[in-house]
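These notes are about the structure you will find just below.
What follows is calculated from the coordinates using simple rules that are stated; it is not laboratory data. What you see is a predicted model; the values in this text were computed from it and never measured. Neighbour counts run over all protein chains shown; Cβ positions are idealised from the backbone, glycine included.
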Amino acid sequence: MKNEFDKGGDFELTVLGARGSMPVNGKEFAVYGGATSCYRILAAGEEIYLDAGNGIVNAEIEPSTRITILLTHMHLDHIIGLPFFVALSQKKRSVDIYAESRAGLSVNEALDRLISPPFWPLKVGQYPANVTFHGLPEKTFFIGAVQIEMMEGTHPLGSTIYRLTCSGKSLVYATDFEHTPEGCEALADFARGCDLLLYDAQYTEEEYERCRGYGHSTAQVGFEVGIKADAKKILFVHHAPERTDEVLSNMEQKFKTGTDKVAFAKAGEKIFL
Ligand SMILES: [Zn+2]
Ligand SMILES: [Zn+2]
């Protein structure tokens, strides 16, 4: 499915899952999707996944690429698809998984807490693929020609915000981010001039008043941050589990009045930077 952002290019993002907190299912979620956070990037011959929510189960993987997974954090909705990721079952496939060490656990130690007996028969490192775990370096690093930069977000136990740059195009993935004045300032700097800002819009402004401290933000704040950052497009993600297509579509239409910069992420859509 293509959308209004499409212009063609060699930096491609596919929305595999944009639902927040837990998967949902049913015809009322058919358009925006019920699978949790996962976005596939194809750029400069690299295949990179942002998070591994159950959206990753729907990934159509390229036959010969190495695969990189950048995890923002270890909350269930961001890793629950990992045991079902088809690439892990392929011999000779190399899969590199990156995440910040949190709660004193390296990335594989954290994943092993959940994905191991008795909760699951295999640890991620025991799958047939050649899996390598990486903590995040202090500074910028590269996956092939794709530059990766990081910023720490405000979220219970922390969350990493990523900026990916390739061939002069860049996107920023800011999910599981709760706004604070300083945090928004820092994010606007970090996202300065990006082509696409993915922003956590789990709550409405009203809901946010009841949900302070839960680690999420609103579309209104995301719009302000995106404008301040001079982001070319803003894609709202991490939709609240109860938000139906009808409600999301209404929210989207209201936002679109007066700007063509914003959209709410829809399952299956591709965006070319
Ligand atoms: Zn989440
Ligand atoms: Zn989270």
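Points worth noting:
- Binning all Cα-Cα separations of region 56-137 at 10 Å, short to long from zero, yields these whole-percent fractions: 18, 55, 25, 1.
- Förster radius 45 Å - calculated FRET efficiency between residue 27 and residue 142 (Cβ-Cβ, nearest 0.05): 0.55
- Within straight-line cross-link reach of residue 254, aspartates and glutamates at Cα separation under 13 Å, skipping those fewer than 8 residues along the same chain: 246
- Segments 148-161, 75-88 sorted - mean Cβ within 10 Å per residue, highest first: 75-88, 148-161
- Counted by neighbouring Cβ atoms within 10 Å, the residues 214, 49 run from fewest to most as 214, 49.
- DSSP assigns beta bridges within the chain; of those with both partners inside it, close to 50 percent run antiparallel.
- On full extension, the segment bounded by residue 224 and residue 180 gains 14.6 nm, given 0.36 nm per residue less the C-alpha separation.
- Sites residue 260 and residue 12 - FRET efficiency at Förster radius 30 Å, r taken between beta-carbons, to 0.05: 0.90
- Positive-end residue of 61, 148, 187, charge dipole of the chain with Cβ unit charges: 61
- Relative to the dominant Cα principal axis of the chain, helix 181-190 is inclined by about 70°.
- Once the Cβ-Cβ distance of residue 44 and residue 120 is raised to the sixth power relative to R0 = 25 Å, the FRET efficiency obtained is 0.15.
- Antiparallel beta bridges, as assigned by DSSP with both residues in region 104-223, represent about 75 percent of the total such bridges.
- Three-way shape call for the chain based on the alpha-carbon gyration tensor, with the a/c threshold at 1.5: rounded
- Tilt relative to the chain, helix 219-229 - C-alpha long axis, 0 to 90 degrees, to 10: 90
- The H on the amide N of residue 132, modeled in the peptide plane, is under 5 Å from the matching H of 95, 96, 97, each at least 5 residues off or on a different chain.
- For region 1-93, the list of trypsin sites (Lys or Arg not before Pro) that fall in a loop by DSSP and count at most 16 other C-beta atoms within 10 angstrom reads 7, 91, 92.
- Helical contribution to [θ] at 222 nm, DSSP H n ≥ 4, -39,500 (n - 2.57), averaged over the chain, rounded to 500: -5000 deg cm²/dmol
- Taking the DSSP bridge list for region 16-88 and keeping only pairs wholly inside it, about 55 percent are antiparallel.
- For the chain, the residue among 45, 118, 107 whose Cα projects farthest onto the positive side of the dipole built from Cβ charges is 45.
- HN-Hα J in Hz across region 62-78 - Karplus 6.51, -1.76, 1.60, θ = phi - 60°, x for Gly and Pro: 6, x, 10, 7, 6, 10, 10, 10, 9, 8, 6, 5, 9, 4, 3, 5, 9
- For the residue pairs 92/233; 27/92; 92/123; 92/169; 91/266, the C-alpha atoms sit more than 29 angstrom apart in 92/233; 27/92; 92/169; 91/266.
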